[in-house]
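What follows is one structure encoded as structure tokens, with my remarks underneath.
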Amino acid sequence: MEMAMTVMNAATLQPKPLRPKGPYFLPNPRTVFNFKASSLHNPQVSSIGAPTLVGQFDPTIPIERAVTPPSSWYTDPSFYSLELDTLFYRGWQAAGYTEQIKNPGEFFTCRLGNAEFVVCRDGDGKLQAFHNVCRHHASLLAYGSGRKSCFVCPYHGWTYGLDGSLLKATRITGIQNFNEHEFGLISVKAATWGPFVLLNMEQDVDSDTDIVEKEWLGSSSELLSNNGVDSSLSFVCRRDYMIECNWKVFCDNYLDGGYHVPYAHKGLASGLNLDHYSTTIYEKVSIQKCEGGSTERTNDYDRLGSKALYAFVYPNFMINRYGPWMDTNLVLPLGPRKCQVIFDYFIEPSLMDNKDFIERSLKDSERVQVEDVVLCEGVQRGLESPAYDIGRYAPTVENAMHHFHCLLHKSLKK
């Protein structure tokens, strides 16, 4: 069910002192400092367990009085392990894009937490996905992307068909109690929506397109489709960033409703009309829009266009549609304080040959990403400081971030 839109002005928003009453606010910073400082000398600080840490955030408190999740959500190893099991190893997860596997035999590899996958089209063009692990001695089977007629393990030569079946097990003369039909690759559910390839590690799920769409996007799917998030765009390039921060720090930064843009991205802010910034909350999606952006071109260069749409698909996927461009951001957790963010860039086909425009656009985008890396790594260091435990929300701006935290709490409580 769609919730009401909140309109906000990120450009003119001024921070105000907040002194709410009630048991949800810790007005004395020394109280917070002492709690964190004691944890520095207590190696058993995580012994309270990740489930208890989950309970330290209350999603029922309205955003106006709510405090953010504690810093332990972003630093504790046991909490990170719980996230992998309850968030990423369940449900539909973005993995790649359909252009990577247009033809039979084409494949790509990807990773989510500690799970490695290989996705391909078999000889009949059917979408297939497997754990990218040889059944012999656990070697990774494939790397990168490309086209193959079969998968040959680089370690001992065990060979698998594109349907996952074991075709050849080398030098196993004398082996007993071995059934080759029981040693095929472990399959993973796969589906597509628009230009995206999705994976689901749960075996008892339906990969029907309509069911996947409802579960992954809910009632936001029509809006996304009607705003140019589709398969008509052409792939340009991929860039990835290794960031020294918890994966949620990057998501929080994306979900602050443009709050940080005029302060941290002055070049980007000059091309957006932040007076017309809005956020709409859906079931597992939040969509930020910036209306009335650039309407006049300078030397025919208009990367952002007259409107921009930024969609966050829980838990870790972003879709950005602006001007002739679409880029996606996939945030992959690599540990409590490290993540990889994969950017894939797509453009309207009519501009694929405009190399100058593409190069300039990518350069502008790169500048924004570098600025965000600095911000996120700085936040992570602050979260690890004994001076910080919880923060507050700016209610008219950070409602998408609050929604994200509430969804996290719901998932982690299951």
Charged-residue dipole, Cβ positions (Lys, Arg, Asp, Glu), the range 205-245 about Cα centre, Debye nearest 20: 300 debye
Summed side-chain charge close to residue 391 - residues other than residue 391 whose Cβ falls under 12 Å, Lys, Arg +1, Asp, Glu -1: -3
Given 148/189; 189/410; 102/410; 248/413; 126/363, the pairs whose alpha carbons are separated by over 28 Å: 102/410; 126/363
Per-residue HN-Hα couplings for the range 322-333 [Karplus 6.51, -1.76, 1.60; θ = phi - 60°; Hz; x = Gly/Pro]: 8, x, x, 9, 9, 10, 10, 10, 10, 9, 9, x
Local electrostatic count at residue 135 - Lys and Arg +1, Asp and Glu -1, tallied over other residues with Cβ under 13 Å: -1
Whole-number percent relative contact order across the range 296-414, with pairs defined as alpha carbons under 8 Å at least 6 apart: 15 percent
Interchain or long-range residues, amide H under 5 Å from residue 245's placed H: 338, 339
With every protein chain in place, the range 96-237: carbon and sulfur % of accessible area (1.4 Å): 44 percent
Amide hydrogen neighbours beyond the local backbone of residue 236, cut-off 5 Å, H modeled: 345, 346, 347
Kirkwood hydrodynamic radius (C-alpha pairs) into Stokes-Einstein, the range 332-405, 20 °C and 1.002 mPa s, D in µm²/s: 135 µm²/s
Anisotropy class of the range 81-170 from Cα gyration tensor, a/c 1.5 cut: oblate
The range 148-226: trypsin sites (Lys or Arg not before Pro) in DSSP coil with no more than 16 other Cβ atoms inside 10 Å: 148, 171
For the range 400-405, 3J(HN,Hα) per residue [Karplus equation, 6.51 cos²θ - 1.76 cosθ + 1.60, θ = phi - 60°, Hz, x = Gly/Pro]: 5, 5, 4, 4, 4, 5
Mean Cβ neighbour count within 10 Å, used as a protection proxy, ranking 240-247, 356-363 highest first: 240-247, 356-363
3J(HN,Hα) from dihedral phi, the range 246-253, Karplus parametrisation 6.51/-1.76/1.60, rounded to Hz, x for glycine, proline: 4, 4, 6, 4, 5, 5, 4, 4
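The values are calculated or read from the model by the stated rules, or taken from the named source; none is laboratory data. Since this is a predicted model, take the numbers as computed values, not measurements. Virtual Cβ from ideal backbone geometry, glycine too; neighbours counted across all protein chains shown. Side chains included, ligands, DNA and RNA excluded: accessible areas come from the protein's heavy atoms. Shrake-Rupley method; radii C 1.70, N 1.55, O 1.52, S 1.80 Å.
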